[in-house]
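The values are calculated or read from the model by the stated rules, or taken from the named source; none is laboratory data. Computed from a prediction, not measured in an experiment: that's the story for all the values here. For neighbour counting, all protein chains shown are included, and Cβ atoms are generated from backbone atoms with ideal geometry for every residue, glycine included.
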Amino acid sequence: MVILNTKVIGQMRILCVEDEPQALAQLKLSLESFCKELYCAKDGKEAIEIIDKKELDVVITDIMMPHVNGLELLKIIKKKYKDIKVIIVTAHSESNYLLKAIELKADGYILKPLNLQELFSLIVKNVSPKIFENELSSKNSLLKVLRAVGGKRVQIIEYIFNNIDENSEFIGTYDEITKKLNSSKPTVVNTFKALIEDGILTRIKNGHYKLKSNLLQ
C-alpha cells in the first residue's frame, strides 16, 4: 500500500533525471510531498553535478537524454557511487537499452507512463535494506556504550533495543521483562520511566512503546 511505503520514502533523498519537462514535472509532483529531499535534472550531465554535491539514496532516470544519457549515467554511478540505487524509466520501444541497463546492474526499472504505486514499491524494495543496515549499525554502537556502563538497568535497555521491530516499536510487559531478565519489577518500571522522561521512548499503551524516531540516525 502507498500509505505504508511513504514512511520509508520519507527518509529518502531522491534525484529525478528526465529531459522531457512534462515528464519531469510529473515525477516532481509525485515525489516532492513524500521524500526527505528531492532534486531534479534535465539530463545526465546536470545530474552528475548534483550527485557530486549532494548525498543521495536513489536516482530515477530516463534513458534517452542529451549530453549524458541514462545508461552512461548509470555506469558512472555504479563506478563512483555504489551506495546510490538507480531506477531506470523506460518506454516499451527501448527494450534494447533496457537490456543494457540490466547488464550495467540497474537496481530496477519502470515503464512509462509511470504508475505511482509501482514507483513507490520499487523505491522501497531497494532502499529498505539500506535503512535497516544503518539502523542496526547505529543500534549496535549504542549498545556497546551501554554495556560499558553495566548494571541491571543496562541489561533492560539492551533487551528493549534488541527487540525493537521494523516500525521502531517495542511490545512487552513489565512482568515479561522481569521474568526474562530475572530482575525486580521496580527496576524494570523505573528504567522505562527514565527512558520515557528522557524522550527515548514514547508510551503508546500498556506494553507498547515507540523508540524516538531520530535516535538511531
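Scanning the stretch 61-73 for residues that are under 23 Å from SER30 (Cβ atoms), of a type in the set (A, V, I, L, M, F, W, C), modelled with pLDDT under 95 and buried (at least 20 other Cβ atoms within 10 Å of the Cβ) yields ILE63, MET65. Exactly one residue out of GLU18, GLU32, GLU103, GLU49 is touching a Lys or Arg at 6+ places or on another chain (Cβ under 9 Å) and either assigned by TED's automatic domain parsing to the domain that holds VAL127 or farther than 15 Å from ILE123 by Cα (or both): that is GLU18. Can you say whether ASP52 is at pLDDT 90 or above and touching a His at 6+ places or on another chain (Cβ under 8 Å), as far as the supplied structure shows? Spelling it out, it is not the case that ASP52 is at pLDDT 90 or above and touching a His at 6+ places or on another chain (Cβ under 8 Å). Taking the listed residues VAL127, VAL154, VAL188, the one that is modelled with pLDDT under 80 and more than 30 Å from LYS85 (Cα to Cα) is VAL154, with no other qualifying. So is VAL58 modelled with pLDDT under 80, under 23 Å from the mean Cα position of the chain (by Cα), more than 15 Å from ASP19 (Cα to Cα) and crowded, with 18+ Cβ neighbours inside 10 Å or not? For VAL58, the condition - modelled with pLDDT under 80, under 23 Å from the mean Cα position of the chain (by Cα), more than 15 Å from ASP19 (Cα to Cα) and crowded, with 18+ Cβ neighbours inside 10 Å - is not met.
Is it true that some residue in the stretch 51-64 is within 18 Å of VAL86 (Cα to Cα) and free of Cβ contacts under 8 Å to residues at least 12 places away in the same chain?
Let us first name the residues in the stretch 51-64 that are within 18 Å of VAL86 (Cα to Cα), namely 51-64.
Right, trim to free of Cβ contacts under 8 Å to residues at least 12 places away in the same chain and you get 52-53.
Within the stretch 51-64, one or more residues are within 18 Å of VAL86 (Cα to Cα) and free of Cβ contacts under 8 Å to residues at least 12 places away in the same chain.
Whenever a residue of the stretch 162-187 is free of Cβ contacts under 8 Å to residues at least 24 places away in the same chain and over 22 Å from LYS212 (Cα atoms), its partners that are part of a helix (DSSP H, G or I) and among the β-branched types (Val, Ile, Thr), lying with C-beta atoms within less than 6 angstrom and at least six residues away or across chains, give the pairs THR178/VAL188; LYS185/THR178.
One line per residue, one yes/no per condition, for (1) assigned to a helix (DSSP H, G or I); (2) in contact with a Gly (Cβ under 9 Å, 6 or more places away or on another chain):
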{"site": "VAL59", "(1), (2)": "no, no"}
{"site": "ASP83", "(1), (2)": "no, no"}
{"site": "VAL86", "(1), (2)": "no, yes"}
{"site": "LEU119", "(1), (2)": "yes, no"}
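Exactly one condition in (1) farther than 20 Å from LYS42 by Cβ; (2) surrounded by 15 or more Cβ atoms within 10 Å (Cβ to Cβ) is false for ASN96; which is it? For ASN96, the exception is condition (2). Of all residues in the stretch 108-123, those that are touching a residue at least 24 places away in the same chain (Cβ under 8 Å) have Cβ atoms under 6 Å from Cβ atoms of residues that are in a loop (DSSP other than H, G, I, E, B) and of a type in the set (Gly, Ala, Ser), 6 or more apart or on another chain, in LYS112/ALA91.
Do we find that LYS144 is out of contact with any Ser or Thr (no Cβ under 6 Å at 6 or more places or on another chain), among the basic types (Lys, Arg) and at pLDDT 75 or above in this structure? Against the criterion (out of contact with any Ser or Thr (no Cβ under 6 Å at 6 or more places or on another chain), among the basic types (Lys, Arg) and at pLDDT 75 or above), LYS144 does not qualify.
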